[in-house]
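First up is the structure itself, then whatever we jot down about it.
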């Protein structure tokens, strides 16, 4: 009946490509055969099990009956049981064993069904030491000539079992990876969502989890944070993100061994994906520089992370338990004159801080569009007011990120200074090297020596002028 060579080939392929074990596939085949047998030759209510021998291809069928007594079932008259219509018996929907069992809240006992139940008195005639709810096995006549409807039902059972096995395989593989970075290949954009091929499953990156302005070509490699793994009726839903603050933290963990071994900790992150981020770090070892650990030698570590994020600017500051010191560092690269702390309402951890800055530092403190003070407020959790040296309020930022800028404050007037101040160390080194090369070229031009012919002509011209 079965081509064992084809079946073994399919089992090997399913195990290799989809991660479904042979045992699960054989179990799916046995359940499909049992369903087909019941559909074609069985009766409603029967519990039929099939056993498939992969070595010989032989299939055996058994009917299972559960041992019960009056405390488990109630016996009703035959005329009270609803007859099974011909249309109902030919329905392609497989019947469940709990269907129409007749149990109620008042009487939890199920209706006695001679096709799946056997009273304990009769069961002891077959097996003396039988117990309640034990299963007795009754062999059935082997069959292999299933009809079209039964075969279609078996096919549906196998497909359903394969989907369930794929779901379990995906859950076992990715269920423990939630919160980690995964590597995949971009498939397509659909309604703003990016679909990423992760191997046996596909992840989805919603529009709000993408970095603004970032685009990927089909087949391009992509790294993203696996935010969540959800089980839905349609399968496994893997939510990915590149704009999540944890994605930035995981990227630094890859580059900085100090983060992996716990010598350095990231205490807070405020991020506006694709534009700018602020990271507060703390060293558990007093002999380690937490900021230098993330920056790396000549800025190589932070540059690698920035390159992965498409050039997003990253400010790394040292976390401090002192609110005034922490807020002052969070507003870098601006230089702060004074920080005044006002405690919040009772029961709140953070309150209100007033920061005084010099006139030439106002734009740096506020940032372009209020970005600097907004990120500082998110990072510290404090409500921050930026005031001038004379006491005039320039900007106000709440811990929720809302920023109010005064009309007389122009946060865009010192954009150049802000960009220079936030330039990473590798960029400064490259700029200095470029300047050195330009200066050397000018020096070479100034010290350039004339050829002998030009020098002799110049000497003759000088002597003629002296004679005159």
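Every read-out reported here was derived from the displayed coordinates using simple, explicitly stated rules and does not represent laboratory data. Predicted model, so just to flag it, every value in this text is computed and none were measured. Please note: Cβ atoms are built from the backbone with ideal geometry, for glycine as well, and neighbour counts cover all protein chains shown.
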For 244, 350, order by how many other beta-carbon atoms lie within 10 Å, fewest first: 350, 244
Residues 120, 366 arranged by fewest to most Cβ contacts within 10 Å: 120, 366
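Can you classify the range 306-381 as rounded, prolate or oblate using the Cα gyration tensor, where a ≥ b ≥ c are the square roots of its eigenvalues, rounded means a/c under 1.5, and otherwise it's prolate if a/b beats b/c and oblate if not? Intermediate results must be reported in sequence, preceding the final value.
On the way: a/c = 2.08, a/b = 1.39, b/c = 1.49.
Oblate is the answer for the range 306-381, as a/c is 1.5 or above yet b/c matches or exceeds a/b.
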Distance from the range 270-309 to the range 227-249 (C-alpha centre basis), Å: 24
Of every Cα-Cα pair in the range 205-312, the percent that sits beyond 25 Å: 28
Computed label-point distance, nm, for sites residue 263 and residue 104 using a 7 Å Cα→Cβ extension: 7.4
FRET efficiency for residue 141 and residue 18, using Cβ-Cβ distance with R0 set to 30 Å, rounded to 0.05: 0.30
Approximate spin-label separation residue 60-residue 134, in nm, with each point projected 7 Å along Cα-to-Cβ: 1.9
Neighbour-count order for 287, 207, 37, 195, fewest beta carbons within 10 angstrom listed first: 287, 207, 195, 37
Residue 148 paired with residue 253, simple spin-label distance in nm, labels 7 Å along Cα-to-beta-carbon: 5.7
Whether the range 178-243 is rounded, prolate or oblate, judged on the alpha carbon gyration tensor where a/c under 1.5 counts as rounded: rounded
Three-way shape call for the range 121-180 based on the alpha-carbon gyration tensor, with the a/c threshold at 1.5: oblate
